[in-house]
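Notes to accompany the following structure.
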Amino acid sequence: MFNYEARAGHLRAALRKTRADAFITSFLPHVRYLTGYSGSNGLCIVTDSSLTLLTDFRYQEQIEAEVPLASKHIVKGDLFAAAVKEKLLSYFGSVAFEEGYLPVGSFQLLKEKLPQVRLVPSSGIVESLTAVKEGSEIALIKKAAEITERVFEKVLGIVKPGISENDIAAEIGYLHRKFGAEKDSFDTIVASGTRGSLPHGAASSKKIQKGEMVTLDFGCVYQGYCSDLTRTVAVGTPSSEVKKIYQIVLDAQRSAIHAAHSGLPAKKLDAVARSLIEKKGFGKFFGHGLGHGIGLQVHESPRLFAKSKHLLCAGNVVTIEPGIYLPGKFGVRIEDDVVIHNGACEVITSSPKELIVV
Ligand code: ZN
Ligand code: ZN
């Protein structure tokens with residue numbers, strides 16, 4: 001289903017640039033991307049001519065089904081220690097590791113047990129591969145998005161005065177699974193009233209009250225791939241201030257979607273939404289980046305923000321999620337998932353985004 005051959009080929013090309021003989025990672029989303037293994041304990045080693053996965057006996061059956069290409073080693077104890085013991089790394093002059101993800105203890109172990117091997121810090125190698133999705137990956141993200149849309153439609157029916165944020169979050173988790181997802185892709189955010197000014201306000205025991213805005217930010221995982229959707233709805237008639245802010249965020253979000261296409265620097269896309277919000281005088285209340293890549297992880301490359309160096313390209317799947325957060329008052333964020341194509345982008349979350357009053 002996925003092209004592991006091509007992924008290994010791309011990784012090898014990148015590895016050559018680091019001049020290392022091998023690449024090692026135990027960061028599970030990357031191990032999964034490179035081998036297909038979806039368990040909780042794995043180590044992957046890539047060289048110019050080999051692709052190796054180490055895990056423990058609990059996953060013996062699972063890897064037979066999941067891992068088509070890599071050679072598989074079932075080992076005991078710490079995976080790095082086992083890689084050393086099985087002499088999987090001993091003969092290399094240098095081994096590249098992911099500086100953002102290799103545990104310090106594992107680094108120390110490699111350094112101590114393999115004094116002859118040069119350990120080369122690297123960053124962004126797998127990230128640059130996962131940022132450009134294969135067709136089959138995009139299909140799974142679309143499916144995850146579809147499930148999340150269905151959940152939104154359903155959950156709108158229970159957003160009313162008296163229900164707690166936690167109850168809404170629980171319902172979202174339940175419906176995700178019921179509609180075929182594996183789980184939520186992150187802890188559901190339900191931020192109502194003044195809590196709406198917390199961009200990442202995890203659901204709490206607070207009860208929804210009439211006249212409040214409620215930000216719902218949630219997503220699911222379908223066959224490993226994530227969706228991520230935000231809608232902000234009004235409970236009872238919204239004030240004119242709420243309507244004004246909502247419209248600014250919606251205009252900013254729509255203009256960014258309109259502008260998104262391959263070849264555009266990510267920072268320019270961020271600027272499309274940001275400048276619109278700034279012009280209305282609310283720039284300082286939009287404190288986060290415009291969006292982020294989604295895939296096996298809910299936050300991954302490319303990141304869309306003011307200092308991003310990424311150039312959008314066909315196959316990127318990103319969120320577009322401007323927001324305005326007024327401390328002590330309320331917040332509004334609107335988020336969709338889009339696929340970048342040559343020339344334009346395709347919005348894959350189609351939940352309504354005109355201000356919904358429940
Ligand atoms: Zn989100
Ligand atoms: Zn997001």
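How many residues does segment 151-166 contain that are surrounded by fewer than 16 Cβ atoms within 10 Å (Cβ to Cβ) and on the phi < 0 side of the Ramachandran plot?
Keep residues of segment 151-166 that are surrounded by fewer than 16 Cβ atoms within 10 Å (Cβ to Cβ), which gives 153-154, 157-158, 160-162.
Then drop every residue that is not on the phi < 0 side of the Ramachandran plot, which leaves 153-154, 157-158, 160-161.
Residues flagged as surrounded by fewer than 16 Cβ atoms within 10 Å (Cβ to Cβ) and on the phi < 0 side of the Ramachandran plot within segment 151-166 amount to 6.
If we only count helices (runs of 4 or more DSSP H) wholly inside segment 19-106, which ones have 2 or more residues that are within 19 Å of SER122 (Cα to Cα)?
Numbers: elements: 28-35, 60-66, 79-85.
Passing ranges, in order: 28-35.
Step by step: first the residues of segment 223-238, then only those that are more than 16 Å from ligand 2 (Cβ to nearest atom) and either of a type in the set (A, V, I, L, M) or crowded, with 24+ Cβ neighbours inside 10 Å (or both), then the one that is nearest to PRO322 (Cα to Cα). Which residue is that?
Top of the filtered list is VAL233.
Scan segment 239-264 for residues that are among the hydroxyl-bearing types (Ser, Thr, Tyr) and over 27 Å from SER308 (Cβ atoms) and report the count.
Filtering segment 239-264 down to residues among the hydroxyl-bearing types (Ser, Thr, Tyr) leaves 239-240, 246, 255, 262.
This time we only want the ones that are over 27 Å from SER308 (Cβ atoms), so: 239-240.
Residues that pass the stated criteria total 2.
Within segment 281-330, can you find the residues that are within 15 Å of ligand 2 (Cβ to nearest atom), of a type in the set (Phe, Trp, Tyr) and in a loop (DSSP other than H, G, I, E, B)?
PHE286, PHE305
Scan LYS85, LYS160 and give me the residue that is more than 16 Å from ligand 1 (Cβ to nearest atom) and outside the structural domain of ILE45 (by TED's automatic domain parsing).
Values: LYS85 fails: outside the structural domain of ILE45 (by TED's automatic domain parsing).
Residue meeting the stated conditions: LYS160.
Which of (1) surrounded by fewer than 19 Cβ atoms within 10 Å (Cβ to Cβ); (2) not assigned by TED's automatic domain parsing to the domain that holds THR35 is the odd one out, the single condition LYS113 does not satisfy?
Result: LYS113 passes all but (2).
Within segment 336-357, track down each residue that is in a loop (DSSP other than H, G, I, E, B) and in contact with a helix residue (DSSP H, G or I) (Cβ under 8 Å, 6 or more places away or on another chain).
Start the filter on segment 336-357 by keeping residues that are in a loop (DSSP other than H, G, I, E, B), which leaves 341-344, 348-356.
ILE348, THR349, SER350, SER351, LYS353, GLU354, LEU355, ILE356 - these are the residues of segment 336-357 that are in a loop (DSSP other than H, G, I, E, B) and in contact with a helix residue (DSSP H, G or I) (Cβ under 8 Å, 6 or more places away or on another chain).
Give just the number: which of (1) in contact with a Gly (Cβ under 7 Å, 6 or more places away or on another chain); (2) closer than 26 Å to VAL347 by Cα; (3) of a type outside the set (Lys, Arg); (4) not assigned by TED's automatic domain parsing to the domain that holds GLU335 does ILE189 not satisfy?
Going through (1) in contact with a Gly (Cβ under 7 Å, 6 or more places away or on another chain); (2) closer than 26 Å to VAL347 by Cα; (3) of a type outside the set (Lys, Arg); (4) not assigned by TED's automatic domain parsing to the domain that holds GLU335 one by one, ILE189 breaks only (4).
With SER128, SER123, SER185 as the choices, which residue is closer than 22 Å to THR35 by Cα and within 15 Å of ligand 1 (Cβ to nearest atom)?
On the way: SER128 fails: within 15 Å of ligand 1 (Cβ to nearest atom); SER123 fails: within 15 Å of ligand 1 (Cβ to nearest atom).
Unique residue meeting the criteria: SER185.
Within the set of pairs 6 or more residues apart or between chains, which connect a residue that is at positive phi inside segment 35-51 to a residue that is among the acidic types (Asp, Glu) and at pLDDT 95 or above with Cβ atoms less than 8 Å apart?
Once the first residue is at positive phi and sits in segment 35-51, its partners that are among the acidic types (Asp, Glu) and at pLDDT 95 or above give GLY36/GLU66.
Whether any residue in segment 85-95 is buried (at least 18 other Cβ atoms within 10 Å of the Cβ) and of a type in the set (Ser, Thr, Tyr) is what I want to check.
No, there is no match, as no residue in segment 85-95 is buried (at least 18 other Cβ atoms within 10 Å of the Cβ) and of a type in the set (Ser, Thr, Tyr).
Only one residue in LEU264, LEU269, LEU326 is farther than 25 Å from LEU355 by Cα and at pLDDT 95 or above, so which one is that?
LEU264
Which of the residues that make up segment 1-18 are closer than 12 Å to ILE125 by Cα and either touching a residue at least 40 places away in the same chain (Cβ under 8 Å) or assigned to a strand (DSSP E or B) (or both)? Walk me through it before giving the result.
In the first step, residues of segment 1-18 are kept if they are closer than 12 Å to ILE125 by Cα; the result is 7-8, 10-18.
Within segment 1-18, ARG7, ALA8, HIS10, LEU11, ALA14, LEU15, THR18 qualify.
Of these, ALA131, ALA203, ALA145, which one is touching a Pro at 6+ places or on another chain (Cβ under 7 Å), on the phi < 0 side of the Ramachandran plot and crowded, with 18+ Cβ neighbours inside 10 Å? Before you say what the answer is, go through the steps one by one.
Values: ALA203 fails: touching a Pro at 6+ places or on another chain (Cβ under 7 Å); ALA145 fails: touching a Pro at 6+ places or on another chain (Cβ under 7 Å).
That would be ALA131, the only listed residue that is touching a Pro at 6+ places or on another chain (Cβ under 7 Å), on the phi < 0 side of the Ramachandran plot and crowded, with 18+ Cβ neighbours inside 10 Å.
The values are calculated or read from the model by the stated rules, or taken from the named source; none is laboratory data. This one's a predicted model, so the numbers in the text were calculated from it and none came from an experiment. Note: ideal-geometry Cβ built from the backbone for every residue, glycine included; neighbour counts use all protein chains shown.
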